[in-house]
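Peer 1: One structure, as structure tokens, below. Some questions next.
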Amino acid sequence: MHLSFAKDRWSTGEFTYAYSRRFEETPVFTQRDEYVESLADPAAVYGYENISFVTAEKVPVGTKITTRCAFFGDGAPLILLAKDLVSDSRGVLRYGDYFEVVLYKNGINVWRLRQDPAGKPENGYVVWHKRLGAEFPVEEGVPHELTVQTAENTLKITVDGSHSLTLRTEDLFPAFHAGIDACEGINRFWSLDVE
């Protein structure tokens, strides 16, 4: 599945908007000529829109996800692997058990998030644990290619073809909804490939 986010060249089709249980807001991307982006939102928890766009159906382990993206300031475009999508009382698709592979100005972080009754209600009972932090400079405001190749118990992560690392993930789901998320700042996405 390939999506170009250029104006008038994409639709939801095999993908859908979905939202972490951490946030009440349900924004959608702002369309520009060649890309979509998330914006500042002073009413949102972190002051920015948090937007997820994922496959409507689950894809199996072995799937490769690639996005061409950029960030500004503390923006953090990421690849998302969500175990399930469930409609909330408003009919909004939500997820609470997921992985995030995050690109930001200081490199890559991988987070494991899940719902836990011991979590805080203001975070949607979602708790998180940092699985990996790999530090290297990443230039702000220019497009980067972020790829996650899934395999049994493993995520292979590549940035711009020059930085590559492998993380053992024994709790990786056998199938998941794969896509992108715009987090903690202004983020731009030019394309998304799930194959």
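Peer 1: Skipping prolines and chain starts, which residues have an amide H placed within reach, meaning under 5 Å, of the one on Y48, given they are 5 or more residues away or on another chain?
Peer 2: D41
Peer 1: Take a quick pass over the chain and tell me how many lysine pairs come in under 23 angstrom between Cα atoms, counting only ones 8 or more apart or on separate chains.
Peer 2: For the chain, the number of qualifying lysine pairs is 12.
Peer 1: A further question follows. Just by accessible area at a 1.4 angstrom probe, what is the order of W190, W111 from largest to smallest? If you can, show how the numbers build up before the last one.
Peer 2: Working: W190 45, W111 65 Å².
Accessible-area ranking of W190, W111, largest first: W111, W190.
Peer 1: On to the next question. Does anything in the range 107-121 have its amide N under 12 Å from the 7 Å Cα→Cβ label point of H163, and if so which residues?
Peer 2: Answer for this model: 107-110.
Peer 1: Quick check: pseudo-label points 7 Å beyond the Cα along Cα→Cβ at T154 and A134, how many nm apart are they?
Peer 2: It is 1.3 nm.
Peer 1: Follow-up. Using 0.36 nm per residue, how much length does the chain from E24 to V142 gain when fully extended, once their Cα-Cα distance is taken away?
Peer 2: Computed gain between E24 and V142 is 39.5 nm.
Peer 1: What shape does the range 139-184 have by the C-alpha gyration tensor, where a ≥ b ≥ c are the square roots of the eigenvalues, rounded means a/c under 1.5, and otherwise prolate means a/b greater than b/c and oblate the rest? Spell out each step's value before the answer.
Peer 2: Values: a/c = 2.72, a/b = 1.56, b/c = 1.75.
Cα axes put the range 139-184 in the oblate bin.
Peer 1: Moving on to the next point. From the phi angles alone, apply the Karplus equation (6.51, -1.76, 1.60; θ = phi - 60°) to the range 176-193 and give each ³J(HN,Hα) in whole Hz, x where the residue is Gly or Pro.
Peer 2: 7, 8, 10, x, 10, 9, 9, 10, 6, x, 7, 10, 10, 10, 9, 7, 9, 10
Peer 1: When the Karplus curve 6.51 cos²θ - 1.76 cosθ + 1.60 is applied with θ = phi - 60°, which whole-Hz ³J(HN,Hα) does each residue of the range 26-38 get, with x for Gly and Pro?
Peer 2: Karplus-based 3J(HN,Hα) across the range 26-38 equals 10, x, 10, 5, 8, 7, 10, 4, 10, 7, 10, 8, 9 Hz.
Peer 1: For the range 13-153, what % of the accessible area comes from carbon and sulfur atoms, probe 1.4 Å? Walk me through the numbers before you get to the answer.
Peer 2: Details: 3150 of 6570 Å².
Within the range 13-153, the accessible surface is 48 percent carbon and sulfur.
Peer 1: Please identify, among R22, R68, R90, the residue showing maximal mean-square fluctuation in a Gaussian network model of the chain using a 10 angstrom Cα cutoff.
Peer 2: Fluctuation is largest for R90.
Peer 1: Quick one: if you take sqrt(5λ) for each eigenvalue of the C-alpha gyration tensor of the chain, what semi-axes come out, biggest first, whole angstrom? Intermediate results must be reported in sequence, preceding the final value.
Peer 2: On the way: eigenvalues 90, 84, 62 Å².
Working from the Cα gyration tensor, I get semi-axes of 21, 20, 18 Å.
Peer 1: Could you give each residue of the range 80-97 its phi-based ³J(HN,Hα) in whole Hz, using Karplus coefficients 6.51, -1.76, 1.60 with θ = phi - 60°, and x for Gly or Pro?
Peer 2: 10, 10, 10, 4, 9, 10, 10, 6, 7, 5, 9, x, 7, 6, 10, 9, x, 10
Peer 1: Over the chain, average the accessible area per residue using a 1.4 Å probe and give it in Å², no decimals. Before the final figure, lay out each step's value.
Peer 2: Numbers: 9070 Å² over 195 residues.
Solvent-accessible surface per residue comes out at 47 Å².
The values are calculated or read from the model by the stated rules, or taken from the named source; none is laboratory data. Computed from a prediction, not measured in an experiment: that's the story for all the values here. A quick note on method: Cβ atoms are made from the backbone with ideal geometry, for glycine too, and the neighbour counts reach across all protein chains shown. The area values use the complete protein model at the heavy-atom level, side chains included, leaving out ligands, DNA and RNA. Shrake-Rupley method; radii C 1.70, N 1.55, O 1.52, S 1.80 Å.
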